[in-house]
Amino acid sequence: MTRPTPRLVLAAYMQGVFPMAHPEEEDRIYWYAPDPRAILPLDDFHISRRLRQTVRKAPFEITVNQAFADVIRACAEPREDSGLTWISDELADLFIELHRMGFAHSIEAWEDDRLVGGLYGVAIGGFFAGESMFHRATDASKVCLVHLVQRLNDRGFALLDIQFLTDHLTRFGAIEIPRVEYEERLQKALTIPARFADDPPFS
């Protein structure tokens, strides 16, 4: 079986498809394009009053792309409820390579020089695929999400893909849209010359 490469993963995202590993099947990687598709509208992002107050207090130091490998390894830790993770070692290595190429990015939350939260995803043009997040301190991942949305809006992004709808993200305004509509939004977003980070991707 042909193993996925970073370029193949990028091509898949540009077609509305994303990878997930199945640890119960020897970490075999599958490809998904759910219908409906979940997105977090950048122009209708909901922040609770309590979280807004937390962000104002700035309990964490927030950085960008300073600890990508640490973030993805933390996100890959097995979930408490299932003991499983969809991020295999192979998939983590692929995202780390995409980070080196300038396409995958992380936002980190620090407390006394300790990494206590973060998220990561893939950016192509004005499209950002939010992949996973973690927290080791209350509200750390939520604060990272607030900073992510602000950054995407400030830099002209048009689409924040979250793949599957969850109760947690619904509170922030996440919605589901038909796959056809998602693919239309995706193709428009890919034409936008937005940059998540100041350094351009490597060739």
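Every number in this text was worked out from the coordinates using simple rules, so none of it is lab data. Predicted model only: the values in this text are computed from it and were never measured. Neighbour counts run over all protein chains shown; Cβ positions are idealised from the backbone, glycine included.
Suppose the chain between ILE192 and ASP89 were pulled fully straight at 0.36 nm per residue; how much longer would it get relative to their current alpha carbon spacing? The partial results should precede the final answer.
Details: separation 103, 0.36 × 103 = 37.08 nm, distance 3.19 nm.
Net length gain for the segment: 33.9 nm.
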Can you order the peptides 98-106, 6-14 by their average number of other Cβ atoms within 10 Å per residue, highest first?
98-106, 6-14
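Full extension from ASP43 to GLU111: what is 0.36 nm times the residue separation minus their Cα-Cα distance, to one decimal in nm? Don't skip to the end; give the middle numbers.
Values: separation 68, 0.36 × 68 = 24.48 nm, distance 2.97 nm.
Stretched fully, the ASP43-GLU111 segment lengthens by 21.5 nm.
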Say R0 is 30 Å: what FRET efficiency, to the nearest 0.05, do VAL180 and GLN53 get from their beta-carbon distance?
0.15
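If packing is taken as the average count of other Cβ atoms within 10 Å, what order do 176-185, 107-116 fall into, highest mean first?
Working: 176-185: 14.9, 107-116: 17.7.
Final packing ranking: 107-116, 176-185.
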Please give the length that would be gained between THR5 and ARG155 if that part of the chain were fully extended, namely 0.36 nm times their separation in residues minus their C-alpha to C-alpha distance (nm, one decimal).
51.2 nm
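When Lys and Arg each count +1 and Asp and Glu each count -1, what net charge do the other residues less than 13 Å away from SER106, Cβ to Cβ, add up to?
0
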The range 44-112 to the range 133-175: how many Å between their Cα centroids?
10
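Can you tell me how the range 149-203 classifies by the Cα gyration tensor, rounded, prolate or oblate, using a/c under 1.5 as the rounded cut? Write out the running numbers ahead of the final one.
Details: a/c = 2.45, a/b = 1.50, b/c = 1.64.
Taking the square roots of the gyration eigenvalues as a ≥ b ≥ c, the range 149-203 is oblate.
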The chain: translational diffusion in µm²/s, Stokes-Einstein, Kirkwood Rh over Cα pairs, 10 °C, 1.306 mPa s
92
Nearest 500 deg cm²/dmol is fine: what mean residue ellipticity at 222 nm does the chain get from its DSSP H runs of n ≥ 4 alone, each adding -39,500 (n - 2.57), divided by its residue count?
-9500 deg cm²/dmol
